[in-house]
Amino acid sequence: MGILDGRTILVAGVTMDTSIGFATARFAQEQGATVLISNFGRALGIPRRIAKRLPVEPVVLELDVTDPAHLEALPDAVREHADHLDGVVHSIAYGNPETLLGGKFMDGPWEDVQQALHVSAYSLKSLTSACRPLMTPGASVVGLTFDATVAWPAYDWMGVAKAALESTSRYLSRELGKDGVRVNLVAAGPLKTLAAKAIPGFEDLESMWQTRAPLGWDNKDAEPTARAVCALLSDLFPATTGEIVHVDGGFHATGA
Ligand code: NAP
């Protein structure tokens with residue numbers, strides 16, 4: 001018996017098989033869930049091909065979280081395949097690597113910062129609101145952050161967006177707790193995904209994990225992160241909301 005037996009989960013943000021969303025979709029299926037995935041949609045053919053590599057080929061929905069029409073259409077798009085959602089995974093972020101990341105903090109233009117905040121933080125609220133009519137009591141929303149309690153080299157405005165995401169998650173947990181809906185984040189260590197590879201200088205961050213993470217850290221293995229996301233989606237954490245669970249080999253607990 002799996003921890004997600006009988007549950008229906010939407011995983012938003014699957015592009016490649018390196019995506020944290022892909023590892024989450026795979027582990028969720030292995031744990032008994034029916035999974036729907038969504039992608040931005042600029043090149044929907046790629047996630048549609050990648051989806052075939054999952055144990056069960058999932059429905060792939062197009063969803064740009066900054067497009068009000070997409071968000072409005074989402075409940076009906078889901079209803080074509082499932083009558084409710086027990087869980088929603090927000091595995092989405094974007095910040096222009098040329099203007100906002102890799103040492104560009106002092107020069108990042110507001111238009112690009114605004115876009116990063118919209119796609120990476122505000123969208124946790126937008127996606128959750130869009131899915132709200134489908135959610136049952138006991139439903140769980142889980143997002144992905146990169147520990148925003150400190151300032152990192154290279155991460156720059158994406159770090160600010162993650163701080164906003166973390167706060168958004170706490171406010172959402174206040175709003176939705178009365179309906180029995182939990183909202184939590186997983187703070188993952190650096191993983192070699194498309195999003196991470198686009199950040200100039202991210203490899204310097206990754207190298208710190210090799211010497212400092214007490215448990216060690218494999219930046220090609222998203223499964224530990226996926227497992228934590230699925231645990232938070234399940235009823236193994238029935239009284240936990242507004243929380244950030246670190247899956248970083250213990251890096252966050254070390255000072256040097
Ligand atoms: P990824 O595979 O590139 O996933 C990011 C996803 O965001 C992609 O599917 C991307 O779609 C999607 N996206 C971008 N703009 C969007 C929009 N407007 N609407 C809908 N979807 C949009 O990279 P990932 O590393 O797995 O990232 C997943 C999450 O984990 C992100 O929140 C990221 O910040 C977080 N995280 C990553 C790491 C790491 O080291 N990799 C560590 C901690 C946390 P397209 O590919 O089509 O643009």
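What to note about this one:
- Computed E for residue 111/residue 46 - FRET, C-beta separation, R0 30 angstrom, nearest 0.05: 0.65
- Backbone amide hydrogens, once placed in the peptide plane, bring residue 11 within less than 5 Å of 36, 37, 38, 89, excluding anything fewer than 5 places away on its chain.
- Cα centroid separation - the stretch 89-161 against the stretch 52-78, whole Å: 19 Å
- Only DSSP H runs of four or more residues enter the estimate; each adds -39500 (n - 2.57), and after division by the residues of the chain the mean residue ellipticity at 222 nm equals -11000 deg cm²/dmol.
- For the chain, the residue among 140, 120, 65 whose Cα projects farthest onto the positive side of the dipole built from Cβ charges is 140.
- Total lysine pairs in the stretch 8-248 at Cα distances under 22 Å, for residues eight or more apart or on different chains: 12.
- Descending semi-axes in Å of the chain, equivalent ellipsoid built from Cα gyration tensor: 27, 20, 18
- Long-range HN-HN contacts of residue 139 with modeled amide H, under 5 Å: 182
- Local electrostatic count, residue 180, Cβ distance below 13 Å [Lys/Arg +1, Asp/Glu -1]: -1
- Working note: Karplus 6.51/-1.76/1.60 with θ = phi - 60° gives the stretch 108-123 the couplings x, x, 4, 4, 6, 4, 4, 5, 4, 5, 5, 5, 9, 10, 4, 5 Hz, where Gly and Pro are set to x.
- Potential extension, residue 129-residue 178 segment - 0.36 nm per residue separation minus Cα distance: 16.2 nm
- Placed amide H near residue 187: partners under 5 Å, 5+ positions off or other chain: 145, 245, 246, 247
- Solution diffusion estimate, µm²/s, Stokes-Einstein, the stretch 120-217, Kirkwood Rh from C-alpha pairs, 10 °C, viscosity 1.306 mPa s: 107 µm²/s
- Note, ³J(HN,Hα) from phi for the stretch 219-233, Karplus 6.51, -1.76, 1.60, rounded to Hz, x at Gly and Pro: 6, 9, 10, 8, 5, x, 5, 4, 4, 5, 4, 5, 4, 5, 6
- With a cut-off of 16 Å on the backbone N, the residues of the stretch 209-241 near the modelled label site 7 Å out from residue 84 along Cα-Cβ are 234-235.
- In a simple Cβ point-charge model (Lys, Arg +1; Asp, Glu -1; nothing else charged), the stretch 8-248 has a dipole of about 260 debye relative to its Cα centre.
- Derived scalar couplings ³J(HN,Hα) [the stretch 91-106; Karplus, 6.51 cos²θ - 1.76 cosθ + 1.60; whole Hz; x for Gly, Pro]: 10, 10, 7, 7, x, 4, x, 7, 10, 10, 10, x, x, 9, 3, 6
- DSSP beta bridges fully contained in the stretch 8-248 are about 0 percent antiparallel.
Just so you know, all these numbers are worked out from the coordinates, no wet-lab data involved. Keep in mind the model is a prediction, meaning the values are calculated, not measured. Glycine also receives a Cβ, built like all others from the backbone with ideal geometry; neighbour counts cover every protein chain displayed.
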